[in-house]
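The values are calculated or read from the model by the stated rules, or taken from the named source; none is laboratory data. Quantities reported herein were computed from a predicted structural model and do not represent experimental measurements. A quick note on method: Cβ atoms are made from the backbone with ideal geometry, for glycine too, and the neighbour counts reach across all protein chains shown. When the accessible area is computed, the model is the full protein with side chains, heavy atoms only, and any ligands, DNA or RNA have been set aside. Shrake-Rupley method; radii C 1.70, N 1.55, O 1.52, S 1.80 Å.
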Amino acid sequence: MAKVFLVDDDPDFVEATAVILESKGHEVIKLYDGDECLEKLKEVTPDLIVLDVMMPRLDGYKVCKILKGDPKYEKIPVLLLTAVAANIPTTRYTQLQGMETEADDYVDKPVEPEELVRRVEILLKRAS
Amino acid sequence: MKEHKGKVLVIDDEAAIREGCERVLSKEGWEVLLASDGYEGLRFAETLRGELEVVLLDLKMPGISGMEVLERLLMTDPKVPVIVITGYATVDAAVEAMKKGAYDFIPKPFTSDQLRLVVQRAAEKFRLEREAERLRLEAARTLRDIAREKGRLFTVIECMADGVLVTDDQGRIALFNPAASRLLGLGQEEELLGRRLEEVVSSEELKIAVQEALAEEGYKVFTQEFRLRDRLIRAHTAPVKGEDRSNMGTVTVLEDLSYLLELDRMKGEFIAMVSHELRSPVAAIEQILGAVLLKEDLGERDRRLLERARERARGLIELVNKLLELSRIEAGMAVQRRELIQVEEVVQKVVELMAPQALAKGLELNLELKASFPPVLGDPQGLEGVFTNLLSNAIKYTPKGGKVMVTMGLEGEYVKVSVSDTGVGIPKEELPRIFDKFYRIRTTQTREITGTGLGLAIVKGIVEAHLGRIEVQSEPGKGSTFTVFLPRSKVVLPYGVSRS
């Protein structure tokens, strides 16, 4: 099973999401901000990173951009999570930004457990 | 002939002549003034300057001579026709008087007819000259007024901070001011006048607005907002009507709303922030419930409660979304861009999107499209929201086994879309309130249905922002039909406008 970085500043969300991913047998490494994620990458290379967009300091876009701009990490699939309503046009740009950062997929929070699991599996399959 | 005429002055030293003149001329309706010598005559001329229509002047008088009186009289009142009375029928004196400016002469003795005639002729001349003078003055004043008005209008238009752009009935540029040039990025005036708008202006919105205004039969102002390079511009376009109410062209006033972009950006950030702050905790709750619900050994009752909790959390997120959407509509941002839309394409897309929901609930969902329809000027995203909301309601409030039907038609100037269901229906007394915010019908049948009570308020807001309207027909127990009317665009896809 896969090794997944789960990066979100909301510990409750991290915990719940970890339960969902672990129920499918994935190994989840819980991280609580962008810097922690980059730090951890120095010692562990995950199969997938689930990354929240809205985080203090280094937000998800920036982390994603750094990862995709680094030959060491660019291959790791990134799933962006956002709690911004996608149907509000003024925030539509956030989605576009997500695309520009070359995230491999993005999904609105909250996400159905089944949907999250399916998206994670598709990304893993594509990467392997 | 007793009509009232003007004043005639008779200057003569002979009383018989004065009285004779007075008798004859008063009968004609003249007001006759008599002077028995030159000085008295000149005093009259002085006080009645401009009022005397004819002066009869005897050339041969004791004291001051008639010739001198004539000269001084004409200095005082140069316009008055003077008829000299020559006592001894010498043509010489008469000729000299004419040279000095007398209008006519009459030799003594004269008959009353001769007098009438000569005075009549002189008065006529006086009247014509005065009339000509009046017309000349009036014309001069009118010309001056027009010039001044034109100048004033020109200055007003040139100095306006808002752009002004005028086209003729063919959509050719007839006039624009510096502000319009700056806002639209136009070049030199002499190069642009007479050119077609679409050759010069790159804004599709403005081209469409001008076309719409030219096609408009009544009087209507078309207001649009559009981005042009780094600017946000609001344009108000109206037809200019001729006397026969035909369209002679259009006038567009352009407001520079670029400062709103920054405001908009800040507002967008604020909304995104609020949205995030409100949704995040609920998202966490929902995710936690989702995680707990993964457990297989949950008791049936616990599972039901947790599922219900998750349902409510989702409802709360939905509520936040809709409130944000509604605040946007109320801020007048429902129609942010207008383009020519084929409504049937939007409807088709929404029906396809909603089909799985209908299917999951065991409903039949049909779309009936018999013909294609004229385009509508609108915001595709907004209209999608309208039909999504209406279909979602129809599906929610129709029990299993029922039918949801979407039909389209054309009614007058409107493209109409009807969403009908065989659902629970709406009681008659509730109908007036269903478009109110947070209004939900509570009956035993609807108790289990979650909703925010904002959907129809949003629908109505968007439809009205498109200058359309929505109607509802319903019968409890039988079903409801919501019909949206959207004004068809009068634009017959003009040259240079692409359908997007």
In deg cm²/dmol and to the nearest 500, what is the mean residue ellipticity at 222 nm of chain B if only DSSP H runs of at least 4 residues count, each as -39500 (n - 2.57), divided by the residue total? -15500 deg cm²/dmol
Heavy-atom accessible area of the range B:65-140 with neighbours in place, 1.4 angstrom probe: carbon+sulfur share in percent works out to 59
Just the C-alpha atoms of chain B: what Rg/Rh do they give, with Rh taken as the Kirkwood radius? 1.41
Mind giving me the FRET efficiency for residue B:244 and residue B:403? R0 is 45 Å, r the Cβ-Cβ distance, nearest 0.05 is fine. 0.30
Between residue B:370 and residue B:169, how many nm apart are label points set 7 Å from Cα along the C-beta direction? 3.8
Report the residues of the range B:11-41 in range of a label on residue B:108: point 7 Å along Cα→C-beta, backbone N strictly under 19 Å from it. B:11-25, B:33-41
Show me the GluC sites (Glu not before Pro) within the range B:355-445 that DSSP assigns to loop and that have at most 16 other Cβ atoms within 10 Å of their Cβ. B:413
Tell me the per residue accessible area of the protein assembly as shown using a 1.4 Å probe; a whole number in Å² is fine. 51
So between residue B:230 and residue B:43, what do we pick up on full extension, going 0.36 nm a residue minus the alpha carbon distance? 59.4 nm
The range B:194-261, accessible surface, carbon-and-sulfur percent (1.4 angstrom probe): 48
HN-Hα J couplings of the range A:17-24 from phi, Karplus 6.51/-1.76/1.60, θ = phi - 60°, integer Hz, Gly and Pro as x? 5, 4, 4, 4, 5, 5, 5, 9
Where does the range B:61-205 land on the Kirkwood hydrodynamic radius, alpha-carbon pairs, in angstrom? 21.2
Overall dimensions of the protein assembly as shown as given by Cα atoms, namely Rg and Dmax in Å: 45.2, 148
Could you sort the residues of the range B:284-314 by number and keep only those whose accessible area is reduced by 10 Å² or more in the all-protein-chain setting relative to the chain alone, 1.4 Å probe? B:284, B:286, B:287, B:288, B:290, B:291, B:294, B:310, B:314
Between residue B:159 and residue A:73, how high is the FRET efficiency from 1/(1 + (r/R0)^6) when r is the Cβ-Cβ distance and R₀ = 60 Å? Nearest 0.05. 0.50
Normalised by the empirical 2.2 N^0.38 Å for globular proteins, what value does the Cα Rg of the range B:275-417 take? 1.33
Give a residue-ordered list of calculated ³J(HN,Hα) values for the range B:379-392 (Karplus: 6.51 cos²θ - 1.76 cosθ + 1.60, θ = phi - 60°; whole Hz; x for Gly, Pro). 9, x, 4, x, 5, 4, x, 4, 6, 4, 4, 5, 5, 4
Interface A/B, total buried accessible area with a 1.4 Å probe, nearest 100 Å²? 2100
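So for the range B:338-489, what are the equivalent ellipsoid semi-axes in whole Å, largest first, each being the square root of 5 times an eigenvalue of the Cα gyration tensor?
On the way: eigenvalues 120, 60, 36 Å².
Working from the Cα gyration tensor, I get semi-axes of 24, 17, 13 Å.
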Quick calc, residue A:27 & residue B:467: beta-carbon distance into FRET formula, R0 51 Å, rounding 0.05, result 0.30
